[in-house]
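The values are calculated or read from the model by the stated rules, or taken from the named source; none is laboratory data. Quick caveat: nothing in here was measured; it's all calculated off a predicted structure. Note that each Cβ is placed from the backbone with ideal geometry, even for glycine, and that neighbours are counted across all protein chains shown. To get the accessible areas, we keep the full protein, side chains included, count just its heavy atoms, and leave off ligands, DNA and RNA. Shrake-Rupley method; radii C 1.70, N 1.55, O 1.52, S 1.80 Å.
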Amino acid sequence: MSKPFILTLDDDANVLQAVSRDLRGEYGSDYRILRAESGASGLELLAERRRRGDPSALLPAELYPAAKRVLLTAYADTDAAIRAINDVHIDHYLLKPWSPPEEKLFPVLTDLLAEWRGSYRSPFDGVRVVGHQWGMSSHRVKDFLARNNIPYRWLDIEASEEASQLLASMGDEATELPCLFFSDGRTVSNPDNLTLAELVGLQTIADREFYDLVVVGAGPAGLAAAVYGASEGLKTIAVEEKAPGGQAGMSSRIENYLGFPGGLSGGDLAHRAV
């Protein structure tokens, strides 16, 4: 999982640079320090980080409700601090200047970060699938990922607030459900099986130009033929349309397969053969 980030936001470039420098020196080993020069650019940055699934520890935004929020303000901005406490529910506000940071900045931030760490739950770091519970394409994508042993998290658009937020972050790219969100920030709307296979890293193109043995279909018989052919030194390739295991791969229990007198699931059989 990527390191959590701390976002700093200020319309004064000199102040922003100075704060970021101090934070990077104190917390850079455990957190990524990001910065934005306006509210709009900050929200855009946060939306992109949310699409990636990146955790945030410290920032001023509603997109990450669990993150700690701190306002650094001048003496003349006391009214703004009061409004921020009442309206945005910031956790703390500090006065400029913050020098020396070892006395006026770091102690407060360190306490808030420790509190955040204590209650933080690591997010799922795999593929997130947003779709309709009864959508045919949603079930196709879920079945493809499950049968190819690709970890994913299902988010029902009609029941999950996170699903709605993720779709909002895609904007016009969310043309058709299901929408898939990857940990590296990639997104795709209703991919076909070939595109999905390429996105999750499955091999879709042969390594060699010529083979001694081509096995079409990776059910139990096809997998066995490929294993034994390769064990005899043949350059072997197995071609499968959807997922290893074929129809048997969907069986909850197989009790008549050679070599497994105690039985095993179809998925386990396919996984062992692969």
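Any residue at all in the range 113-120 that is in contact (Cβ under 8 Å) with a residue 60 or more places away in the chain and open to solvent by 80 Å² or more (accessible area, probe 1.4 Å)? I'd like the intermediate steps shown before the answer.
Start the filter on the range 113-120 by keeping residues that are in contact (Cβ under 8 Å) with a residue 60 or more places away in the chain, which leaves 113, 117, 120.
Now restrict to residues that are open to solvent by 80 Å² or more (accessible area, probe 1.4 Å): 117.
Yes, the range 113-120 has at least one match.
If I ask for residues that are more than 35 Å from the chain's Cα centre (by Cα), open to solvent by less than 70 Å² (accessible area, probe 1.4 Å) and not basic (Lys, Arg), which ones from the range 96-110 would you list? If you could, list the steps in order and put the result at the bottom.
Start the filter on the range 96-110 by keeping residues that are more than 35 Å from the chain's Cα centre (by Cα), which leaves 96-100, 103-104.
Within this subset, residues satisfying the condition of being open to solvent by less than 70 Å² (accessible area, probe 1.4 Å) are 96, 98, 100.
The answer is Trp98, Pro100.
Any chance you could count how many residues in the range 110-140 are outside any helix (DSSP H, G or I) and at pLDDT below 85? Full working, then the answer.
Filtering the range 110-140 down to residues outside any helix (DSSP H, G or I) leaves 120-135.
If we keep only those that are at pLDDT below 85 as well, we get 120-126.
Qualifying residue count, the range 110-140: 7.
Only one of these conditions is not met by Ala159: (1) in a loop (DSSP other than H, G, I, E, B); (2) touching a residue at least 60 places away in the same chain (Cβ under 8 Å). Which number is it?
It fails just one condition, (2).
Conditions tested, residue by residue: (1) among the aromatic types (Phe, Trp, Tyr); (2) out of contact with any strand residue (DSSP E or B) (no Cβ under 9 Å at 6 or more places or on another chain); (3) farther than 23 Å from Asn149 by Cα.
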| position | (1), (2), (3) |
| --- | --- |
| Ser160 | no, no, yes |
| Ala168 | no, yes, yes |
| Gly185 | no, yes, no |
| Asp212 | no, no, yes |
| Ala226 | no, no, no |
| Leu234 | no, no, yes |
| Ile254 | no, no, no |
| Tyr257 | yes, no, no |
| Phe260 | yes, no, no |
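Criterion first (among the charged types (D, E, K, R) and closer than 16 Å to Ser138 by Cβ) does Asp192 satisfy it?
On the way: among the charged types (D, E, K, R): yes; closer than 16 Å to Ser138 by Cβ: yes.
Spelling it out, Asp192 is indeed among the charged types (D, E, K, R) and closer than 16 Å to Ser138 by Cβ.
Is it fair to say Gly229 is free of Cβ contacts under 8 Å to residues at least 60 places away in the same chain and either in contact with a helix residue (DSSP H, G or I) (Cβ under 7 Å, 6 or more places away or on another chain) or within 30 Å of Thr187 (Cα to Cα) (or both)?
On the way: free of Cβ contacts under 8 Å to residues at least 60 places away in the same chain: yes; either in contact with a helix residue (DSSP H, G or I) (Cβ under 7 Å, 6 or more places away or on another chain) or within 30 Å of Thr187 (Cα to Cα) (or both): no.
It is false that Gly229 is free of Cβ contacts under 8 Å to residues at least 60 places away in the same chain and either in contact with a helix residue (DSSP H, G or I) (Cβ under 7 Å, 6 or more places away or on another chain) or within 30 Å of Thr187 (Cα to Cα) (or both).
Do we have Glu198 as acidic (Asp, Glu) and without any contact (Cβ under 8 Å) to a residue 24 or more places away in the chain here?
Numbers: acidic (Asp, Glu): yes; without any contact (Cβ under 8 Å) to a residue 24 or more places away in the chain: yes.
Answer is yes for this residue.
Going residue by residue through the range 133-153, is there one that turns out to be crowded, with 16+ Cβ neighbours inside 10 Å and touching a Ser or Thr at 6+ places or on another chain (Cβ under 9 Å)?
No: the range 133-153 contains no residue that is crowded, with 16+ Cβ neighbours inside 10 Å and touching a Ser or Thr at 6+ places or on another chain (Cβ under 9 Å).
Yes or no: Ile6 more than 25 Å from Thr187 (Cα to Cα) and either hydrophobic (A, V, I, L, M, F, W, C) or modelled with pLDDT under 80 (or both)?
Values: more than 25 Å from Thr187 (Cα to Cα): no; either hydrophobic (A, V, I, L, M, F, W, C) or modelled with pLDDT under 80 (or both): yes.
Spelling it out, it is not the case that Ile6 is more than 25 Å from Thr187 (Cα to Cα) and either hydrophobic (A, V, I, L, M, F, W, C) or modelled with pLDDT under 80 (or both).
Go through the range 90-109 and give me each residue that's assigned to a loop (DSSP other than H, G, I, E, B) and in contact (Cβ under 8 Å) with a residue 24 or more places away in the chain.
Scanning the range 90-109 gives Ile90, Lys96, Trp98, Leu105.
Which ones in the range 1-25 are surrounded by fewer than 17 Cβ atoms within 10 Å (Cβ to Cβ) and either basic (Lys, Arg) or outside any loop (DSSP other than H, G, I, E, B) (or both)?
Within the range 1-25, Lys3, Ala13, Asn14, Val15, Leu16, Gln17, Arg21, Arg24, Gly25 qualify.
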